[in-house]
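Engineer: Structure below; questions to follow.
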């Protein structure tokens, strides 16, 4: 199977990594050079996919296209070429249009009674303001008072391009749903750990949610998928606040971080499953082995400093490599080379139980601290930002 992964940043790293774990060959395409996934794909081509004639030639032998970007123009160009060439594209455009707008997503949530944070003016401070058409922590701001809003000087605050709602605190969780034709399979709930900027720095599995709450989360997610008539994948993020799960956002595309965590914990390969949906048109519910413990964590190392921080820093280190047995970690996706003083890594530590994986990760961090003479380690949390 030859997969064209379009986009070489965070989603591209995820798609390339899991496609290769499935035994596929990966042709990576990006308009920029030195993107993170270019370091370990099979073939890299630097083009803008809106160049139709060039794209046609490149995709001639491709079996499936996996969009790993969020540029609407590029996605539409890809979809059009995929349709012209008869190549499956692993994206449900209709569901993606809804999920890429927080305003449209909230309308769907309201229609089917999905629990969400209260909108501004129906809640007090603190509040969170999110650009409607961004994902994750990008562009998110938390305000504790009217004075903070005025001091920030946000233009058109409260306009149609923003979603503003109560800022709810509590642990965050993620769940992927896959399926087609009304048949949907919720995968594994994973726990998200945020840094001071509300960017996910660590993912762990199995979840700390109770079986009852995990079941509620699965039912909410499958209900959304059915409402959207989803074909492919959707990621749902919730927060547990005062004993209730509240949906923060959905993304009808391949996410980053959590699929690799799910793969290491359960053996389920989301990219391989997408191939069955879009290429084979046959989605059978997979058998799930007993989940094992996994810690998936991002670090940056520089002179005397080790920082555990959100995934977005992983886009700034150039091409990455997949390295097994990395200072005691089972595997790493990293910019590290011998003699390099400044480098990044996504570390993966696995164990029979989550506690074993956590102890292994602690040992990995300690080994790196000793090896690189780290005098200061930083592991910030959202509370440190306020």
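Engineer: Using a 10 Å cut-off around each Cβ, can you sort 216, 66 from fewest to most neighbouring Cβ atoms?
Structural biologist: 216, 66
Engineer: While we're here: Using a Gaussian network model of the chain whose springs link C-alpha atoms within less than 10 Å, name the residue from 174, 302, 100 with the highest mean-square fluctuation.
Structural biologist: Looking only at 174, 302, 100, the biggest GNM fluctuation is shown by 302.
Engineer: What does a probe at residue 355 reach in the range 270-305, counting residues whose amide N is under 18 Å from the point 7 Å along Cα→Cβ?
Structural biologist: Under 18 Å, as judged by backbone N against the label point of residue 355, lie 291-295 of the range 270-305.
Engineer: Here's a follow-up. Would you calculate a helix-derived [θ] at 222 nm for the chain, using -39,500 (n - 2.57) for each DSSP H run of n ≥ 4 and dividing by the full residue count, to the nearest 500?
Structural biologist: Rounded to the nearest 500, the figure is -8500 deg cm²/dmol.
Engineer: What residues of the range 297-321 lie in the reach of a label at residue 378, counting those whose backbone N is under 18 Å from a point 7 Å from the Cα along Cα→Cβ?
Structural biologist: Correct set: 298-317.
Engineer: Gain in length, residue 46 to residue 94, computed as 0.36 nm per residue apart minus the alpha-carbon separation, to one decimal in nm?
Structural biologist: Additional length available on full extension: 14.5 nm.
Engineer: On to the next question. Please find, in a Gaussian network model of the chain (springs between Cα atoms separated by less than 10 Å), the residue of 308, 220, 58 whose mean-square fluctuation is greatest.
Structural biologist: 58
Engineer: At 0.36 nm per residue, minus the direct Cα-Cα distance, what do residue 325 and residue 148 gain on full extension? Give it in nm, one decimal, please.
Structural biologist: 59.0 nm
Engineer: Further question: Please report the antiparallel percentage of the DSSP beta bridges confined to the chain, to the nearest 5. If you can, show how the numbers build up before the last one.
Structural biologist: Working: 61 of 79 bridges.
In the chain, DSSP labels about 75 percent of beta bridges as antiparallel.
Engineer: On to the next question. Round to the nearest 0.05 the FRET efficiency obtained for residue 362 and residue 288 when R0 = 25 Å and r is the Cβ-Cβ distance.
Structural biologist: 0.35
Engineer: When DSSP assigns beta bridges and you keep just the ones with both residues in the range 293-385, what percent turn out antiparallel, to the nearest 5?
Structural biologist: Beta bridges within the range 293-385, antiparallel portion: roughly 85 percent.
Engineer: Here's a follow-up. What is the Cα centroid distance between the range 194-252 and the range 1-80, reported in whole angstrom?
Structural biologist: 27 Å
Engineer: Can you tell me how the range 56-120 classifies by the Cα gyration tensor, rounded, prolate or oblate, using a/c under 1.5 as the rounded cut? Could you put the intermediate results ahead of the total?
Structural biologist: Details: a/c = 3.86, a/b = 3.04, b/c = 1.27.
Verdict is prolate for the range 56-120.
Engineer: Return 341, 34 ranked ascending by Cβ neighbour count within 10 Å, so the fewest neighbours appear first.
Structural biologist: With the fewest neighbours first, 341, 34 line up as 341, 34.
Engineer: Under a GNM of the chain (C-alpha, springs under 10 Å), which listed residue has the highest mean-square fluctuation: 317, 124, 275?
Structural biologist: Result: 124 has the largest fluctuation of those listed.
Engineer: What is the Cα convex hull volume of the chain when expressed per residue in Å³?
Structural biologist: Cα convex hull per residue, to the nearest whole number: 144 Å³.
Engineer: Given 0.36 nm per residue, what is the gain on full extension from residue 25 to residue 369 after removing their alpha carbon distance, in nm?
Structural biologist: Working: separation 344, 0.36 × 344 = 123.84 nm, distance 3.58 nm.
120.3 nm is the gain from fully extending residue 25 to residue 369.
Engineer: For the range 6-85, what class follows from the C-alpha gyration tensor (a ≥ b ≥ c being the square roots of its eigenvalues): rounded when a/c is under 1.5, otherwise prolate if a/b is larger than b/c, else oblate?
Structural biologist: prolate
Engineer: Under 8 Å for C-alpha pairs, at least 6 residues apart: give me the relative contact order for the chain, rounded to a whole percent.
Structural biologist: 16 percent
Engineer: For 296, 96, what ranking results if the residue with the fewest other Cβ atoms within 10 Å of its Cβ goes first?
Structural biologist: Lowest count first: 96, 296.
Engineer: Rg/Rh for the range 293-385: what does it come to with C-alpha atoms and Rh from Kirkwood?
Structural biologist: On the way: Rg = 12.7 Å, Rh = 13.4 Å.
When Rh is taken as the Kirkwood radius, the ratio is 0.95.
Values in this text are rule-based calculations from the coordinates and carry no lab data. Model, not experiment: these values are computed from the prediction. Cβ sites come from the backbone with ideal geometry, for glycine too, and all protein chains shown count toward neighbours.
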